[in-house]
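Here is the structure we will look at, set down as C-alpha cells.
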Amino acid sequence: MQDIMPTWVGATAKQIARGVRRGDVSATQVLADHLDHIAKADADLAAFRTVRGGEAVTEAEKVDEQEDLANLPLAGVPVAVKENTAVAGVPTWNGSATVRTSVAEADHEVVRRLRGAGAVILGVTRMPELGLWAVTDDDTGVTRNPWDLTRTPGGSSGGAAAAVAAGLVPIAHGNDGLGSIRIPAACCGLVGLKPGRGVVPCQLGAEDWFGLTEHGMLSTTVADAAVGFQVLAGRAQQKLVPPQRLRVGVSLRSPVRGVSADAPNRDAVAAAGRLLAAAGHDTVPADPVYPTALGLQGIATWFAAAAADVRAAGVERRSLQPRSRRHVALGEWALRRGYVREADRLAWRERSVGFFTDHSVDLLLTPALAAAPPPATSWSARSWQANMLASIRYAPYAAPWNVAGLPALVVPVGRRPDGLPLAVQLVGPPGSELLLLGVAGQFEMEAPWSRHAPGYPRVGTGSPATA
C-alpha cells in the first residue's frame, strides 16, 4: 500500500492554531496543504470565487515570523471570507459580476479581527447574487454540496459551507440576513451560529438589511465555532462550560403557513430532545406565535434590502439576474408603500424576548430545515417564483430570529435516509451565544457527527495533530 504523507487538511482550527503556536508545524506548511487540497477538490464544488495563493503565502510567512504567538487563537489557521465582505486587495463580488465592486482598499472590521487573531485569509467564497437566495450559483458556476454533488449547499453562505464540509478550510466566515449561515450549515452538517444583534459589527450593504444581518462563522466543531465567534465579537477567549439544568421549549410549528417539517426533520427534533434529556435538561412543548404580519414584514424587508443595496451600488436593475431583477422591483414597491417599518421589527423582538419569560424556558428548539436541500442547478437562470418557492419551502425556520435580532444556532443531529445531514436550530434570548454553544457542545459529546462529507478531505489521512 502506498504511503500517504501526513497533512493538516482535516484538522480543526484549534488543532492547527495549537500546532503553530507550539512549533509543531509552520503556518506556511498548513497553508500549502490546504492550497493543494483546494486544487484537487474545488473544481467539483465551486466553493471559492477567488483563492489568494501568493498573498496568502505572504501572510502565512508573516505569522511564522512573529516571535510571540501565545495570544493568537487562530495562529496560522486558513480562513475563507464570504465574497460580500471586503478583503483588502480583492474585489467584493456580492454574488455576481454585475454587482461586483472594485478592489477593496481595506479589510472589513471582521476580516481585520480575523487577521489580528492570526488567521490567514485564504480566499473568498461564493454566494448567490446580492445574497438573496438559499441556493448558490451564477452564470460562472454552480456551488455543490460535498455530501451529494447533485444538491445545493444552501445559501447565501453556500460557498463557505461547501468549503468547510469538504475540508478546504477548517473554518469559514459567513453572514446571515434571513438564515444565510444556519441554512448552509444545516445542509452541510456544520455548526453555524448567528449572533444576536449588535454583538459583532455588521457594516454590510446599504442598511445592514435593515438590521437583519449578522456576521458569524461556520465550523465542523463547537470548539471552533466558539473560538471564531469570540474573535469576531472582539472578546477574550473563554472556555465553554457545560450548562446546568435548563428548560428548553420544543416547537415544530412553521413560521410559514402551509410549509411544515418533513418526517426526517421532525425526527431530528425528537433526537435532539433525547440528547437534551441525556445532558440533564428538561423539554416542554412551547410554540412561538408567528403572526401573519411577521411573514409579510420579513418578506417586505427581504425585498427592500435588495433594492437598497442596488440603489447604493448604482447598479441598473435590468442588468441583474432575472430572479434578482423581480426581487428588487418588489423591494422598490415595498419601500414606496412604507411596508418596511422599524416599529414592526421592534414589536416582534419584544414578543420574541417575552416568549422565554412567558413559557418559562431558557432556549427554544426547532427544526433547522423543512426538507432536503434542493438540486444544485442553474437557479440564477430560473424565474423569481421558482427561486422563492424553493427557498421558502425547504428553509422557513431561520428568518424570524433575524427580524427579532436574537442569537440562533444550528447543530448537526443525525442523517436523512438518503445520507444527507440533519440538523436542528436552537434559539436563545439576547446575550445567550455562549449558552447556545455550550448546549451544542453537549450534543457533540453525546452524539458526535461526521466532521466532513464522505470522501473528503481527498488528500492524506487527516491531521497529524492530536485532538
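The values are calculated or read from the model by the stated rules, or taken from the named source; none is laboratory data. The model shown is predicted, which means the values in this text are computed figures rather than measured ones. Neighbour counts run over all protein chains shown; Cβ positions are idealised from the backbone, glycine included. For accessibility, only protein heavy atoms count, side chains too; no ligands or nucleic acids. Shrake-Rupley method; radii C 1.70, N 1.55, O 1.52, S 1.80 Å.
Quick notes
- Enumeration of residues in region 343-387 that are more than 30 Å from Thr136 (Cβ to Cβ), touching a residue at least 60 places away in the same chain (Cβ under 8 Å) and not aromatic (Phe, Trp, Tyr): Arg351, Val353, His359, Ser360, Val361, Asp362
- Look at (1) modelled with pLDDT of 95 or more; (2) assigned to a loop (DSSP other than H, G, I, E, B); (3) farther than 15 Å from Pro264 by Cα; (4) not hydrophobic (A, V, I, L, M, F, W, C) and you find that Gly419 fails only one, number (3).
- Trp147 farther than 15 Å from Ala376 by Cα and aromatic (Phe, Trp, Tyr): no
- Exactly one residue out of Gly438, Gly431 is in contact (Cβ under 8 Å) with a residue 24 or more places away in the chain, assigned to a loop (DSSP other than H, G, I, E, B), within 28 Å of Arg349 (Cα to Cα) and small (Gly, Ala, Ser): that is Gly431.
- Residue tally, condition among the hydrophobic types (A, V, I, L, M, F, W, C) and part of a helix (DSSP H, G or I), over region 41-87: 7
- Which listed residue is under 19 Å from Glu59 (Cβ atoms) and either of a type outside the set (S, T, N, Q) or buried (at least 24 other Cβ atoms within 10 Å of the Cβ) (or both), from Glu109, Glu129, Glu207, Glu214: Glu109
- When Val20 is tested against the conditions (1) within 21 Å of Asn145 (Cα to Cα); (2) touching a Leu at 6+ places or on another chain (Cβ under 7 Å), the lone failure is (1).
- Residues of region 365-396 that turn out to be open to solvent by 40 Å² or more (accessible area, probe 1.4 Å) and in contact with an Asp or Glu (Cβ under 9 Å, 6 or more places away or on another chain), as a count: 3
- Within region 430-443, restricting attention to residues that are over 18 Å from the mean Cα position of the chain (by Cα) and open to solvent by 10 Å² or more (accessible area, probe 1.4 Å), the residue that is nearest to Asp362 (Cα to Cα) is Leu435.
- Residue check, Val200 over 22 Å from the mean Cα position of the chain (by Cα) and β-branched (Val, Ile, Thr): no
- Qualifying residue in region 448-461 (condition: closer than 28 Å to His327 by Cα and open to solvent by less than 10 Å² (accessible area, probe 1.4 Å)): no
- Some residue of region 325-335 being in contact with a Ser or Thr (Cβ under 7 Å, 6 or more places away or on another chain) and crowded, with 22+ Cβ neighbours inside 10 Å: no
- Checked against (1) assigned to a helix (DSSP H, G or I); (2) open to solvent by 30 Å² or more (accessible area, probe 1.4 Å); (3) of a type in the set (D, E, K, R); (4) more than 22 Å from His359 (Cβ to Cβ), Arg235 passes all but a single condition, namely (1).
- Among residues that are over 24 Å from His327 (Cα atoms), without any contact (Cβ under 8 Å) to a residue 40 or more places away in the chain, buried (at least 17 other Cβ atoms within 10 Å of the Cβ) and in contact with a helix residue (DSSP H, G or I) (Cβ under 7 Å, 6 or more places away or on another chain), Val87 is included.
- Pairing residues of region 258-270 that are farther than 18 Å from Leu389 by Cβ and open to solvent by less than 40 Å² (accessible area, probe 1.4 Å) with residues that are polar (S, T, N, Q) and assigned to a loop (DSSP other than H, G, I, E, B), at Cβ distances under 9 Å and at least 6 apart in sequence or on separate chains, gives Val269/Ser251.
- Pairs, first among the hydroxyl-bearing types (Ser, Thr, Tyr) in region 300-328, second part of a helix (DSSP H, G or I), C-beta under 6 Å, six or more apart: Thr301/Phe210; Ser324/Glu129; Ser324/Leu130
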